[in-house]
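Report on the structure given below.
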Amino acid sequence: MTKEIFQQWGSEVEDLRGVADMHEITRNQSYLAYLSFAHVQVTGARLYTVLPDFDGIPDYPAIIAACLHEAYELGREGEDACDMSSLRFTET
Amino acid sequence: MYNAIEELQCRYSVLINPALEALEINDTEKVDDLYDSITSPESAKRLCDFLALMSLPTNYGTSDDNIGIDKLALKSAPGTQGVPFSTNDRLAQMLRVSGFIAQYLGNNPMSQEVEKFKVMIGYTMLFITLEHGIVPAMKANNPPLGDQAISRQKMKIFREQLEARHGVRIKENSLKEKIRYGKVLWEMTKMGGVLMLPMLAVAGPGITSLSHDHGVTTRHIPFLASHLSENNLWMAMSQSLGPVAVELIFSPSCQVYTSTELMHYLLLEPLSAHLRRDLHHLFLNQADADPVAVAQLRPYRNPAHLGHKAASTMLHQFGLEISMFPFNSFPNPTSYQVKLVQWIISQDGHRVIKLPTNNTTSRRVSSTVKLQAFTSFLHPAQIADEPVNFLSHLWTLRGLPGWGMISPANTMKALEGQFGDDPESALSLAAGGRHLGVPYAYYLLPIATNLTILPLLVSLTRRKITLLVLRGSETTIECANDLLKVSIPSFYK
């Protein structure tokens, strides 16, 4: 893979809709915003912590909580417990 | 910020709900069978097919078509009864009929379910009319009737009203039986959510055997509903498809949905990894599924025509409530909230987590990470590489068919040529190998500058790369064609 291959391709720059208010962005915040965006784009699903009627980009606590929740889910393998979160599904 | 994270609900409970166990309801095996049937991914797919079919007025409104039964059955030609056909004639006749049958079945997919659904709606409407039309009218009589008198006379009055309006003779016992089925169906809809009606049509037993063979009585319904309220797939379906069902059943909407579109709505919801994998497999088996088109789902909001609130009040003018979600009469008393920050901070330094076992990806990526690495997500620490790489792989495992998320580390390796010179093979390897047996059509990779991380969308099929820029960030990309010149030197320092 070389950059020359990419440079032969069509390219464009697009605004990331819904991320308009991220002023004074730090690298960390940018990483979390990327993770959140990529999750939505690649899985087609909202993050665990994002409410169904939410239209924008989640705040940082919500993204961090979603990532930690993923770790918690995988870390509790074999435990005799089930996810009861009512946050995921709610009337909008 | 820690408090804000802890406030986000993360609730768990023991698997067996003691409140349900304490009920000591007998004969729950058949209700359990029904529960298993209506909460399977296959049923979810059939529900999408069915709702899409219902949205087509030609299929839902009139299931009859211009092929009569005379063409769908083997019949002798006039005057030939008893005379055996020659082999050729017999084959020709059978093929002629089979041609009609193929046409009929092709034009009427799920015709059995459509007919069953119409009968179910019919029974339900009879019950609703009796209890929410006739009974209130009797109560408003002058002088008002007592409860006992209403109970004694309501069926007779209902029958008389029907006969007077429509000029038909109706047997009271037959009407009672239908209303009894209607009562069970309406109770199930009220307690289990509106999806119960279409779901029972596609996945449940026959209507008459619902209460007989399956032992579903009004006593069992709250038990079933409580189980459903703890089911990930049922709740996701209720969230995404409940309003669609109300729209199609109870509103005058002419909105047409495709099965693929409804499947997309469902996939917008948070679902466990195994459910998502099973749904993707079913989705891929769908003839008109286009894996590439799926991922244009940028908004979180379900784009269905009708909102939840509007859907739940659709029948208010008749004094009826419709719920999208099941009603949990027996909340699990062992439910507890997990404090995620406390939990991650308290983890042993050596404890690792693994990517879920999944044989749908030929994995070439690291599958473990130390839990402690996730503490780098907490302010003011700098986010470490390992958890980001791990989450990239995890989300590719949950990814839509044809979509891959390449980790920062593997992006770097791919751009440096460590996975070879062929772009398709290199990016596929960087994403962890082919997933769900589908070649990747889109990759998302992170491009880093000193200050920010930008998503780069690479479409192999379209030979196009798109850099997505965070508005308000300080990164300046002046010319798209110089994109890689700008980004690569500072990539992931």
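With region B:232-292 as the region, which helices (runs of 4 or more DSSP H) entirely inside it contain at least 2 residues that are of a type in the set (Val, Ile, Thr) and closer than 20 Å to residue B:327 by Cβ?
Fully inside region B:232-292 and qualifying: B:232-250.
State which residue pairs qualify: first residue touching a residue at least 60 places away in the same chain (Cβ under 8 Å) and inside region B:95-110, second residue open to solvent by less than 60 Å² (accessible area, probe 1.4 Å) in any location, beta carbons under 7 Å apart, and separation of 6 or more residues or different chains.
Filtered contacts from region B:95-110: B:109/B:53; B:110/B:49; B:110/B:50; B:110/B:53.
Taking region B:325-342 as the search range and keeping residues that are closer than 11 Å to residue B:229 by Cα and open to solvent by less than 20 Å² (accessible area, probe 1.4 Å), which one is nearest to the other protein chains (Cβ to nearest Cβ)?
By that ranking, first place goes to B:332.
Under 8 Å between Cβ atoms, which residue pairs at least 6 apart in sequence (or on different chains) link something in region B:423-449 that is more than 9 Å from chain A (Cβ to nearest Cβ) and closer than 14 Å to residue B:395 by Cβ with a partner that is among the small types (Gly, Ala, Ser) and open to solvent by 10 Å² or more (accessible area, probe 1.4 Å)?
Matching pairs, first to second residue: B:432/B:362; B:440/B:428.
Can you name the number of the only condition in (1) farther than 23 Å from residue B:178 by Cβ; (2) buried (at least 16 other Cβ atoms within 10 Å of the Cβ) that residue B:109 fails?
Here residue B:109 meets the rest and fails (2).
For region B:320-342, indicate whether the set of residues that are in a helix (DSSP H, G or I) and either of a type in the set (Phe, Trp, Tyr) or under 30 Å from residue B:137 (Cα atoms) (or both) is non-empty.
No, region B:320-342 has no match at all.
Can you tell me which residue within region A:49-60, out of those that are open to solvent by less than 20 Å² (accessible area, probe 1.4 Å) and facing chain B (nearest Cβ under 7 Å), is farthest from residue B:240 (Cα to Cα)?
Per the criteria, the residue is A:49.
State all residues of region B:11-37 that are open to solvent by 30 Å² or more (accessible area, probe 1.4 Å), over 30 Å from residue A:70 (Cα atoms) and either among the aromatic types (Phe, Trp, Tyr) or not in a helix (DSSP H, G or I) (or both); if no residue qualifies, say none.
Result: B:22, B:23, B:24, B:25, B:26, B:27.
The values are calculated or read from the model by the stated rules, or taken from the named source; none is laboratory data. Everything numeric here is computed off the predicted structure, so don't read it as measured data. Neighbour counts run over all protein chains shown; Cβ positions are idealised from the backbone, glycine included. When the accessible area is computed, the model is the full protein with side chains, heavy atoms only, and any ligands, DNA or RNA have been set aside. Shrake-Rupley method; radii C 1.70, N 1.55, O 1.52, S 1.80 Å.
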